[in-house]
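**Q** Mind having a look at this structure? Questions to follow.
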């Protein structure tokens with residue numbers, strides 16, 4: 001094991017212990033080392049742009065080997081340390097696609113987290129997929145406690161709960177840290193996990209506030225007054241929950257991929273100070289901390305107690321950079337120039353060797369060539385003259401499977417880079433089909449806005465300096481295109497597919513659309529989508545779009561040439 005763990009005493013709601021009265025509370029400082037949302041990003045980012053005094057540096061950042069080094073340093077430097085992961089450990093890169101969580105579990109066991117909160121993406125492959133990951137995480141003397149107080153799989157039906165509610169995880173844990181008992185409750189985001197991930201149908205998620213209040217009362221009944229929440233419910237929800245609940249002292253959160261700390265001046269998307277301080281329902285201080293995403297940041301929260309109340313919130317968010325980073329970056333307090341941990345590198349080398357082999361893994365059979373054309377009908381007789389792009393249609397169908405609550409999918413012609421040849425389809429083939437670092441984004445969009453953004457895409461496709469890669473392709477939606485018509489009048493006959501058949505798109509109705517993150521940012525002329533995102537009507541699922549295609553291909557096993565496309569008729573410009 002890479003790092004020595006502190007000894008803990010665990011309690012759960014189903015194990016009640018007699019508690020002796022504690023002596024008069026004394027001043028005490030707790031340090032929490034934490035990450036969240038690493039999403040199987042185990043390798044460093046190669047060229048992160050960091051701006052210092054008007055100069056831009058392309059720096060290698062993050063990676064799980066640097067996470068391990070930084071956490072080890074915090075444990076060495078501080079006395080009373082808890083090491084926490086606020087969820088979404090898995091899904092997002094080839095390390096998950098190929099190893100089904102085993103690679104993440106192996107590296108997490110080397111770091112040895114005290115607790116992991118269940119996140120929504122832990123359920124992306126159903127309860128059985130989560131069980132496989134948790135089994136791998138338990139194959140170590142580390143003993144990471146998995147927390148999910150509001151997660152309710154059906155006992156006897158879910159692989160997570162063959163005998164009792166708490167077979168695979170616990171509602172809370174109690175840690176003995178420096179002679180003090182610290183209660184920690186885990187929460188997952190309820191509605192999002194049920195609707196946007198893929199838990200078993202019988203697995204339910206209780207209200208976050210009601211659940212937290214219930215277990216706070218239980219902990220206080222056990223004589224525990226130092227209480228934290230390990231949540232995967234988003235930053236703003238953490239702040240609201242803290243203000244509504246009694247007794248909470250600190251919250252370590254995730255899901256919103258929130259960067260906290262003094263980073264805006266360096267061109268990084270910080271939302272405010274690290275940590276944030278609010279007051280709970282009893283008027284006492286609460287420390288709230290997140291640590292961004294993708295193994296880029298390690299948070300170091302210090303919570304100073306005066307008796308059972310928080311006297312001060314402190315600490316530092318550490319943005320990890322290579323040890324040979326330019327001095328202008330590495331010398332800044334917000335950045336930690338650290339070496340990669342050798343034990344983690346050794347494990348990564350093993351998995352990367354396997355990746356070279358496993359990318360040749362066959363995920364589906366392709367019955368017939370799926371041809372590609374970014375805009376307009378296919379011209380190759382072998383593909384069927386007059387048909388639209390088959391490869392784009394298949395990708396859009398994969399989007400729909402990964403976002404089952406979506407009404408339709410839209411994507412751009414340039415996001416799909418090759419046709420799909422007949423025969424065996426491998427993981428490597430998929431990642432060359434969809435080579436970019438795009439994720440799937442769900443957007444709340446009105447029918448009128450759909451019409452407007454399609455018109456924007458077509459206008460950009462034929463504009464000077466534009467690109468035919470902007471052309472829209474989709475699934476669950478269809479339309480006629482007349483490129484000879486005036487700008488703003490090129491799209492007609494808009495319809496969406498419903499359980500009862502195709503229906504006209506309603507201009508005033510709000511739909512759920514799934515697309516790629518490149519378009520959600522307003523790129524390729526799809527400018528309206530940037531406004532929708534800025535208005536808070538988009539949710540990044542953080543599912544890599546290539547992974548969505550791998551999952552879809554594995555499920556259907558045989559990929560056939562589509563018999564329908566989103567463009568139902570196409571008239572070229574005169």
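The values are calculated or read from the model by the stated rules, or taken from the named source; none is laboratory data. None of these values were measured; they are calculated from a predicted model. Please note: Cβ atoms are built from the backbone with ideal geometry, for glycine as well, and neighbour counts cover all protein chains shown.
**Q** Please go through segment 280-302 and give me each residue that is touching a strand residue (DSSP E or B) at 6+ places or on another chain (Cβ under 6 Å) and within 18 Å of residue 245 (Cα to Cα), ordered by number.
**A** If the condition is that a residue be touching a strand residue (DSSP E or B) at 6+ places or on another chain (Cβ under 6 Å) and within 18 Å of residue 245 (Cα to Cα), then 280, 284, 285, 286, 287, 288, 289 are the ones that fit.
**Q** I'm told residue 291 meets every condition in (1) surrounded by fewer than 24 Cβ atoms within 10 Å (Cβ to Cβ); (2) closer than 27 Å to residue 332 by Cβ except one. Can you identify the failing condition by its number?
**A** The number of the failed condition is (1).
**Q** Working only within segment 23-57, note down all residues that are at pLDDT below 85 and out of contact with any strand residue (DSSP E or B) (no Cβ under 8 Å at 6 or more places or on another chain).
**A** 23, 24, 26
Yes/no per residue for (1) touching a residue at least 60 places away in the same chain (Cβ under 8 Å); (2) surrounded by fewer than 18 Cβ atoms within 10 Å (Cβ to Cβ); (3) farther than 16 Å from residue 431 by Cα; (4) under 30 Å from the mean Cα position of the chain (by Cα):
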residue	(1), (2), (3), (4)
350	no, yes, yes, yes
368	yes, yes, yes, no
377	yes, yes, yes, no
386	no, yes, yes, no
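**Q** Look through 321, 395, 329 and report the one residue that is within 30 Å of residue 73 (Cα to Cα), within 30 Å of the chain's Cα centre (by Cα), part of a helix (DSSP H, G or I) and touching a residue at least 60 places away in the same chain (Cβ under 8 Å).
**A** So the residue among 321, 395, 329 that is within 30 Å of residue 73 (Cα to Cα), within 30 Å of the chain's Cα centre (by Cα), part of a helix (DSSP H, G or I) and touching a residue at least 60 places away in the same chain (Cβ under 8 Å) is 329.
**Q** Let me spell it out: the conditions are (1) assigned to a loop (DSSP other than H, G, I, E, B); (2) at pLDDT 95 or above, and residue 140 meets all of them except one. Which number is the exception?
**A** Every listed condition holds for residue 140 apart from (2).
**Q** With respect to the numbered conditions (1) assigned to a strand (DSSP E or B); (2) more than 24 Å from the chain's Cα centre (by Cα); (3) under 18 Å from residue 399 (Cβ atoms), which one is the sole condition not fulfilled by residue 503?
**A** (3)
**Q** Also: If you scan segment 24-65, which residues turn out to be surrounded by fewer than 24 Cβ atoms within 10 Å (Cβ to Cβ) and on the phi > 0 side of the Ramachandran plot?
**A** Of everything in segment 24-65, those that are surrounded by fewer than 24 Cβ atoms within 10 Å (Cβ to Cβ) and on the phi > 0 side of the Ramachandran plot turn out to be 53, 54.
**Q** I would also like to ask the following. Restricting the search to segment 413-444, which residues are touching a strand residue (DSSP E or B) at 6+ places or on another chain (Cβ under 7 Å) and farther than 15 Å from residue 559 by Cα?
**A** 413, 415, 438, 439, 440, 441, 442, 443, 444, listed by residue number.
**Q** Another question, if that's okay. If you take the residues of segment 215-235 that are part of a helix (DSSP H, G or I) and touching a residue at least 40 places away in the same chain (Cβ under 8 Å), which of them is surrounded by the fewest Cβ atoms within 10 Å (Cβ to Cβ)?
**A** 218
**Q** Right, another one. Please specify each residue of segment 465-476 satisfying the condition of being more than 27 Å from the chain's Cα centre (by Cα) and outside any helix (DSSP H, G or I).
**A** Scanning segment 465-476 gives 465, 466, 467, 471.
**Q** A follow-up question, please. If you scan segment 155-166, which residues turn out to be surrounded by fewer than 19 Cβ atoms within 10 Å (Cβ to Cβ) and farther than 20 Å from residue 214 by Cβ?
**A** 156, 157, 159, 162, 163
**Q** Going by what's in this entry, would residue 479 be described as assigned to a loop (DSSP other than H, G, I, E, B) and in contact (Cβ under 8 Å) with a residue 24 or more places away in the chain?
**A** No, not satisfied.
**Q** Residues 242, 206: which one is at pLDDT 95 or above and surrounded by 19 or more Cβ atoms within 10 Å (Cβ to Cβ)?
**A** 242
**Q** While we're here: Confirm whether residue 340 is in the same structural domain as residue 431 (by TED's automatic domain parsing) and assigned to a loop (DSSP other than H, G, I, E, B).
**A** Taking the combined requirement at face value, the residue does not satisfy it.
**Q** Please go through segment 71-86 and pick out each residue that is within 16 Å of residue 347 (Cβ to Cβ) and either buried (at least 24 other Cβ atoms within 10 Å of the Cβ) or not assigned by TED's automatic domain parsing to the domain that holds residue 135 (or both).
**A** Within segment 71-86, 71 is the sole residue that qualifies.
**Q** Then there is this: Could you tell me whether residue 81 is over 20 Å from the mean Cα position of the chain (by Cα), modelled with pLDDT of 95 or more and farther than 27 Å from residue 288 by Cα?
**A** For residue 81, the condition - over 20 Å from the mean Cα position of the chain (by Cα), modelled with pLDDT of 95 or more and farther than 27 Å from residue 288 by Cα - is not met.
**Q** How many residues are buried (at least 20 other Cβ atoms within 10 Å of the Cβ), more than 22 Å from the chain's Cα centre (by Cα) and not in a helix (DSSP H, G or I) if we restrict to segment 420-438?
**A** Final tally of qualifying residues: 2.
**Q** Of 89, 68, which residue is assigned to a loop (DSSP other than H, G, I, E, B), crowded, with 21+ Cβ neighbours inside 10 Å and not assigned by TED's automatic domain parsing to the domain that holds residue 430?
**A** Step by step, each of 89, 68 is checked, and only 89 is assigned to a loop (DSSP other than H, G, I, E, B), crowded, with 21+ Cβ neighbours inside 10 Å and not assigned by TED's automatic domain parsing to the domain that holds residue 430.
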